[in-house]
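To keep things clear, I will list the structure first and then write my remarks on it.
The values are calculated or read from the model by the stated rules, or taken from the named source; none is laboratory data. Just so it is clear, the model here is predicted, and its values are computed rather than measured. Positions of Cβ are backbone-derived with ideal geometry, glycine not excepted, and every protein chain shown enters the neighbour counts. Heavy atoms of the whole protein, side chains included, go into the accessibility calculation; ligands, DNA and RNA do not. Shrake-Rupley method; radii C 1.70, N 1.55, O 1.52, S 1.80 Å.
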Amino acid sequence: MTYALFSGLDEDILALPFYEEQHRTLAVELAEWCAGHADLWSRPLEQTPEKAGREILSALGSAGWLGFLDPANGSAAGDHRSICLAREILAYADDLADFAFSIQALSATPIVQYGNSEQQLEYLPRMASGETAGSFAISEKEAGSDISAVGLTADLVSDGYLLNGRKAWIANAGIADVHCVIARTGGGPGALGLTAFLVPARTPGVRVLEEVPLIAPRSFGHLAFEDCLVPESSVLGRPGQGFVVATDLLERFRMTVGAAAVGFARRAVDSAVQQARERRIHGGRLMDLQLVKGALADMEVKLNASALLVARAAWELDHGNPGYAKHSSIAKVAATEAAQEIVDAAVQVHGAAGLVADSVPERLYRQVRSLRIYEGASEVQKLIIADALGRRPLVGRSRAASGSSASRVER
Ligand SMILES: Cc1cc2nc3c(=O)[nH]c(=O)nc-3n(C[C@H](O)[C@H](O)[C@H](O)COP(=O)(O)OP(=O)(O)OC[C@H]3O[C@@H](n4cnc5c(N)ncnc54)[C@H](O)[C@@H]3O)c2cc1C
């Protein structure tokens, strides 16, 4: 499976004041790196997504693209414009590249934000080098959109905490070396009784309950924790702070899901434009048909809007706007919904060729679907946005009043 790579960049958007020189440099260098590593994206069909994901993680780490996950090592902290651009470019190149990068960032960031110096020293250098893979495990069969319903228990015993329960739909379930687990320790009802733990995958009592094959293959599955004893030093942050750890992380990363959607959508637009230019039909080019022009224009409008909303959300977070969470949700819902429409339109432009298994449009069609569900379904994002509107003063708009959604239980 090989395919030509375009750059995945929109240099006009990169030139806008949302971005600084360091972002432009990162984008160009990462796009060049992706173009030079076509072997990583040209996987033999027999290779499992687990093995491929691990290889890509290792390559990303060796090349230094994950260095920002270990700030103590002198690497520049990962601002969110950089993380979003990285996801855009990697998603353009390959679904698993975006997956490897994003899950590693998702699982290391809570350690960067809430870990003590021992935890940071233990995990971050090897996560930044790609040698240690992480997962971030909140969801359960009965606790998806509603984090406050988490039921996996962590009981305080004489020599630590005893974890019992299950986690569902966990990215990297089968390959992670360390799981960041949100568990119920009590001390308060619902969201108040949750605590985050760092649980090495080799801990007795932890096992992969089931590998779950997905529409776009990757390491994914359900985990079981059975009388799994971890020391008190495994608590990430403070006991009772688990809900804050989880929502803070999700608020930061939702915009990056929008960024991945932009990457997939840009690939779809490039592929549709190429097809429309090359395909001969009715004595001319497909591109010359007005309805096709209209479809391509609609795709381009949606792509531009999405890219700008993602850039704005990341800019708000990087500039310390306490109300950035609303923009993160706006970027996610707008870009992921638009990407679904853009990819569908790209399949239409290709006709039957767009439905052939493993063609670019067919792959994008499968790869883009999960983005509207994970890290908060579109409906949940709309509730967060509406809640922020409900808190806004009726006259004028103030930055402080746009508010954070940290009090919501949904994601
Ligand atoms: C590819 C992928 C990767 C994932 N990776 C992880 C991971 O690494 N770690 C992890 O913890 N979880 C992960 N998840 C799980 C994901 O976070 C949940 O699937 C998501 O939160 C939705 O929960 P659910 O599937 O239980 O759906 P439910 O909560 O049952 O919701 C089903 C549907 O109901 C609707 N809905 C939900 N709430 C509302 C509402 N308030 N108002 C209106 N409609 C609503 C939405 O349409 C939603 O899609 C992953 C999921 C996917 C698909």
For R392, the residues 5 or more places away or on another chain with a placed amide H closer than 5 Å to its own amide H are none
Per-residue ellipticity at 222 nm attributable to helices in the chain (runs of n ≥ 4 DSSP H, -39500 (n - 2.57) apiece, nearest 500 deg cm²/dmol) works out to -16000 deg cm²/dmol
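Out of all DSSP beta bridges in the chain, what portion is antiparallel? Express it as a percent rounded to 5. Please list the in-between numbers first.
On the way: 31 of 36 bridges.
Given both bridge residues lie in the chain, the antiparallel proportion sits at roughly 85 percent.
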Residue-normalised value, i.e. accessible area per residue, for region 135-240 at 1.4 Å probe, in Å², stands at 41
The Cα extents of region 243-402 along the principal axes, largest first and rounded to whole Å, are 59, 33, 24
Out of A191, A307, A108, a Gaussian network model of the chain with alpha-carbon springs under 10 Å gives the largest mean-square fluctuation to A191
Quick calc, the chain, dipole around Cα centre from Cβ unit charges on Lys, Arg (+) and Asp, Glu (-), nearest 20 debye, gives 1020
In whole percent, the fraction of accessible protein surface over region 11-132 that belongs to carbon or sulfur atoms, probe radius 1.4 Å, stands at 54
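Using the Cα centre as the reference, give the magnitude of the dipole from point charges on the C-beta atoms of region 212-350 (Lys, Arg: +1; Asp, Glu: -1; all else neutral), rounded to the nearest 20 debye.
Working: 15 positive and 15 negative charges, 120 e Å.
Using only the charged Cβ atoms, the result is roughly 580 debye.
Dipole magnitude of region 78-166 about its Cα centre, charges +1 at Lys/Arg Cβ and -1 at Asp/Glu Cβ only, in debye to the nearest 20?
On the way: 5 positive and 13 negative charges, 19 e Å.
Once rounded to the nearest 20, the dipole reads 100 debye.
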Cα extents of the chain per principal axis, largest first, Å, are 80, 60, 41
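Can you give the extra length, in nm with one decimal, that the chain gains between A353 and R279 once fully stretched, where that is 0.36 nm per residue apart less the Cα-Cα distance? Before the final figure, lay out the partial values.
On the way: separation 74, 0.36 × 74 = 26.64 nm, distance 1.12 nm.
Length gained between A353 and R279: 25.5 nm.
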Note, Y123: beta-carbon cut-off 13 Å, +1 each Lys/Arg, -1 each Asp/Glu, net -4
For the pair L229 and A15, the simple spin-label estimate (label points 7 Å beyond Cα toward Cβ) gives in nm 6.4
Expressed in angstrom and rounded, the centroid-to-centroid distance over alpha carbons for region 331-367 and region 99-128 is 33
Note, A137: beta-carbon cut-off 11 Å, +1 each Lys/Arg, -1 each Asp/Glu, net +1
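Largest first, what is the accessible-area ranking of I215, I147 with a 1.4 Å probe? Don't jump to the answer; show the numbers that get you there.
Numbers: I215 95, I147 0 Å².
Greatest to least solvent exposure: I215, I147.
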